[in-house]
Amino acid sequence: MPIYFYQTLGADGTLRRGTGQFSGLDDLLSEVEARGDVLYRVGATPAPLDGLLRLQPRHLSLPAVVEFCHFVSEYLASGATLQGALEDLAAASRFSSLKQRVRVIRRSITAGHSLSEAMTEAGGFRPFVVSMVAAGEQSGTLARVLRACADHLEQTLALRRSVRRGAIYPVAVLLVLGVALGFWISVVVPNIGQLFRVANMPVPELTQDVVDATAWIQANGALLLWLPALLPVLWFAALRWQPMRRAVDGVRWRVPLVAPLLRTTTLSFFFLNLSAMYGAGLTLSRALELLERDVQNHAFGRRLASIREAVAAGSPLAAAMSSQKIFDPLPVHLVRLGESTGQLEPQLARLAAHYAAKARARIEVIVKLAEPAILLVVGAVFALLVAALVLPVYDIVNQVGGMRLW
């Protein structure tokens with residue numbers, strides 16, 4: 001859809017500016033007239049630039065989707081209309097990207113489309129969320145499905161936040177170490193090198209190596225400053241090449257210390273998503289298909305594709321899972337029990353909670369192991385600096401003063 005830049009004149013004479021995506025000028029006029037304004041001036045991006053100047057990212061953020069699901073489900077549960085819920089959400093949301101999409105959804109529903117169709121047209125919603133909404137519309141349980149979707153996404157957010165919190169301490173220590181090393185490299189080491197030159201005394205080999213390394217760093221400072229900013233860009237660009245992405249995912253799936261945490265969090269997301277979609281009324285085959293499209297790790301994606309194909313061919317989910325080595329006997333047993341008793345959704349939710357707790361425990365272990373490891377690295381770095389710089393300075397002082405300090 002083209003992007004329109006427009007100005008409107010309010011009933012009180014106030015001139016307002018706006019930007020939005022509309023299917024055409026008629027849609028823009030309807031939106032402006034619904035607010036009681038008059039369209040004063042309008043412009044649109046050329047068609048070739050529509051794809052380059054998209055106003056929103058490819059996906060809405062998870063907090064924005066949670067707000068959408070919670071807001072609409074609470075309104076519907078209280079007896080309000082869907083249009084009323086969307087109108088209030090467009091005015092009250094704290095996410096500008098969500099406001100923009102809600103306006104598109106409202107226009108689409110007014111034109112006669114369902115909520116799931118309108119969400120697809122607006123874009124930004126993950127496929128499994130749209131499919132859950134479609135299932136809720138078909139079963140007449142839209143409010144309950146939206147609430148379940150919001151709860152599921154909040155659990156996903158909680159797990160992601162626990163992973164990020166676990167990385168705060170190592171990152172903070174590394175930043176402090178970087179600042180301290182920067183001070184030594186830019187101030188302390190050059191002054192000590194100057195001291196040796198003024199004293200006209202032989203420089204120990206280790207000290208000379210440190211002074212030479214510092215001089216090289218200062219001479220190439222611009223390159224070293226650009227490199228940390230350039231490497232992530234090159235890294236993410238390389239990951240867009242599918243063979244590279246598959247290779248990296250395969251390595252991450254096997255690296256010690258990283259692989260156990262990655263597998264645990266991936267399985268938690270898998271069971272959490274599968275439980276939510278199956279509980280919303282989607283078939284296992286359809287739910288697995290959506291999970292395969294939304295999976296982040298190619299190594300797990302290949303295994304998920306095998307499970308989906310087996311289920312589509314008529315195999316029970318437990319049997320399909322047992323053919324993949326990533327599943328322990330516990331999840332296979334619980335899924336088999338759920339399939340035999342007709343209680344598959346509660347068993348999937350129980351497995352999601354189990355792996356989420358296991359992931360949090362692994363994060364705590366990694367953080368506890370990282371603390372002494374980082375302290376050892378920091379201690380080794382500063383021990384090297386002391387041995388290379390501080391002790392030779394004491395030798396100079398001893399020789400100049402003709403006395404021993406220890």
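Bear in mind these aren't lab numbers, they're just calculated from the coordinates by the rules spelled out. In this text, all values refer to a predicted model and were calculated from it rather than measured experimentally. Cβ coordinates were reconstructed from backbone atoms using ideal geometry, including for glycine residues, and neighbour counts include every protein chain displayed.
Descriptive notes on the structure:
- Three-way shape call for the range 259-360 based on the alpha-carbon gyration tensor, with the a/c threshold at 1.5: rounded
- Residue among L15, L262, L348 with the largest mean-square fluctuation in a Gaussian network model of the chain, springs linking Cα atoms under 10 Å: L15
- Along the range 153-159 the Karplus relation, 6.51 cos²θ - 1.76 cosθ + 1.60 evaluated at θ = phi - 60°, assigns HN-Hα couplings of 5, 5, 5, 4, 4, 4, 5 Hz to successive residues, with x for each Gly and Pro.
- Helical runs assigned H by DSSP (4 residues or longer) give the chain a calculated mean residue ellipticity at 222 nm of -24000 deg cm²/dmol, each run adding -39500 (n - 2.57) before division by the residue total.
- The mean sequence distance of close C-alpha pairs (under 8 Å, at least 6 residues apart), as a share of the length of the range 77-130, puts its relative contact order at 26 percent.
- Ordering of 208-218, 312-322 by packing [mean C-beta count within 10 Å, highest first]: 312-322, 208-218
- For F125, the amide hydrogen comes within under 5 Å of the amide hydrogens of L60, counting only partners 5 or more places away or on other chains and with H modelled in the peptide plane.
- C-alpha long axis of helix 96-110 to longest principal axis of the chain, angle in °: 10 degrees
- A viscosity of 1.002 mPa s and a temperature of 20 °C, combined with the Kirkwood radius over C-alpha pairs in the Stokes-Einstein formula, give the chain a diffusion coefficient of 81 µm²/s.
- Against the main long axis of the alpha-carbon atoms of the chain, helix 329-341 sits at an angle near 10°.
- Annotation for the range 287-332 versus the range 333-394: alpha-carbon center distance of 26 Å.
- Within a Gaussian network of the chain (alpha carbon springs, distance under 10 Å), most fluctuating of V332, V42, V163: V42
- Near-label residues of the range 354-379 by backbone N, under 13 Å of a point 7 Å along Cα→Cβ of A180: 374-379
- Only Cα pairs under 8 Å and 6+ residues apart enter the sum, and on that basis the relative contact order of the range 271-373 stands at 27 percent.
- Local net charge near G136, Cβ-Cβ under 12 Å (Lys/Arg +1, Asp/Glu -1): +1
- Relative contact order for the chain: 14 percent, from Cα pairs under 8 Å spaced at least 6 residues apart, divided by residue count.
- Taking a point 7 Å out from the Cα of V365 in the direction of its Cβ, the residues of the range 236-261 whose backbone N falls within less than 14 Å of it are 256-261.
- Using the Cα coordinates of the range 315-389, the gyration tensor eigenvalues translate into equivalent-ellipsoid semi-axes of 48, 13, 6 Å, sorted from longest to shortest.
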